[in-house]
Each structure stands twice: as structure tokens, then as C-alpha cells.
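The values are calculated or read from the model by the stated rules, or taken from the named source; none is laboratory data. Since this is a predicted model, take the numbers as computed values, not measurements. FYI the Cβ positions are ideal-geometry reconstructions off the backbone, even for glycines, and counts take in every protein chain you see. Ligands, DNA and RNA are excluded from the accessible area calculation, which covers all protein heavy atoms including side chains. Shrake-Rupley method; radii C 1.70, N 1.55, O 1.52, S 1.80 Å.
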Amino acid sequence: MKEQKVIHYEHFASLENMPAEDRSLIEAAAKATLSAHAPYSHFRVGAAARLQSGATITAANCESEVFPSGMCAERSLLYFHASNHPCDNIVALAIASDPAGRECYPCGACRQALLDAEKRQQSPIRIIMAGCDTATVGESGETLLPFTFKL
């Protein structure tokens, strides 16, 4: 039997066309790239999350000489959130990079970590992937990983 999955997302050809709160989150993610430790790839990634309370938290990627022991910005942020703000759900999470020549998409491990976070908080997280004055937005982690690992 053939089945079909449809993935819904929104693409913004210009950040000016986005809601102000999303643009603000992208700006926070872009600013977080300044904290990245990326001496090997020179690809700095920042993530910013807007919490249900209205607070914003940020994180950046951190590379290690003993690859793959580094950590992506998205997972750094999600694990920080789980440890420090577990009762304040993430509403939206933006990802940006420097250089920003293209939109910044999460790796597979980060996609699974996003789904894990949604499962913990029992609500979806709006994912905003920005770069080069454009953005693609998915309404949950399942948009990015439709065939997720589940126990």
C-alpha cells in the first residue's frame, strides 16, 4: 500500500515579510553566532528560542579538537533549556549562521533533539531557519524529520 506524507512549511523570500517577533528571534540567533567556537570549520551557528514566558535564550556551536565531541548550537540551546527552564516551554527556535550565504538547517541529531524537546514539553516548536535575508519556517520538528525515531 502506498502512503504519502505532506510536509507543510512557509518560505519567506525576504525577512521583511516575516512577523516582527520572528525577525527579532533571527536577530538574536545571528548575534549568538558571535559566541561560537568554530576554529576548524569557521562556520559559526547561533540559535535563539522564545519561551512561553516571552524570555529569549541563546546558544552557539562549539567545536572540539577531538571531533565529533563538539556541539551544535541547536542542541546546546535545547539542553540548556531542559536544565534551566524546563517549565517554560519553547514556542519558537531560530537558527542563523556566519557566514550566512544560505539558510541554516539543523543536522539529523539536532532534528531528533528538537522532537525530543517537543515530546518533553508536549507542544510543538516553531522552527525558523534563516540566512541570506530569507527564511524557511516549519511549525514543528516533525516538519524536519517526518520519520522520527520513537521508543
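A Cβ distance below 7 Å, combined with a sequence gap of six or more or placement on separate chains, defines the contacts here; from the stretch 57-72, residues that are open to solvent by less than 70 Å² (accessible area, probe 1.4 Å) reach residues that are of a type in the set (D, E, K, R) in the pairs Ala60/Arg44; Asn61/Arg44; Gly70/Glu63. Looking across the stretch 18-35, the residues that are under 26 Å from Pro146 (Cβ atoms) and either open to solvent by 100 Å² or more (accessible area, probe 1.4 Å) or not in a helix (DSSP H, G or I) (or both) come down to Met18, Pro19.
Note on the stretch 73-85: among residues that are more than 13 Å from Asp116 (Cα to Cα) and open to solvent by 40 Å² or more (accessible area, probe 1.4 Å), the one that is nearest to the chain's Cα centre (by Cα) is Phe80. Within the group Ala30, Ala36, Ala13, which residue is touching a residue at least 60 places away in the same chain (Cβ under 8 Å), in contact with a Cys (Cβ under 8 Å, 6 or more places away or on another chain) and on the phi < 0 side of the Ramachandran plot? Being touching a residue at least 60 places away in the same chain (Cβ under 8 Å), in contact with a Cys (Cβ under 8 Å, 6 or more places away or on another chain) and on the phi < 0 side of the Ramachandran plot holds for just one of Ala30, Ala36, Ala13, which is Ala36. Considered as a group, the residues in the stretch 94-113 that are in contact (Cβ under 8 Å) with a residue 60 or more places away in the chain and open to solvent by less than 20 Å² (accessible area, probe 1.4 Å) include one that is nearest to Ser140 (Cα to Cα), and that residue is Ala94.
Mind checking which residues of the stretch 18-27 are under 14 Å from Arg126 (Cβ atoms) and among the aliphatic types (A, V, I, L, M)? Answer for the stretch 18-27, where residues must be under 14 Å from Arg126 (Cβ atoms) and among the aliphatic types (A, V, I, L, M): Met18, Leu25, Ile26.
Would you mind stating whether Ser64 is touching a strand residue (DSSP E or B) at 6+ places or on another chain (Cβ under 9 Å), of a type outside the set (Asp, Glu) and part of a loop (DSSP other than H, G, I, E, B)? Against the criterion (touching a strand residue (DSSP E or B) at 6+ places or on another chain (Cβ under 9 Å), of a type outside the set (Asp, Glu) and part of a loop (DSSP other than H, G, I, E, B)), Ser64 qualifies.
Within the stretch 83-99, restricting attention to residues that are out of contact with any helix residue (DSSP H, G or I) (no Cβ under 7 Å at 6 or more places or on another chain) and not in a strand (DSSP E or B), the residue that is nearest to Ile128 (Cα to Cα) is Pro99.
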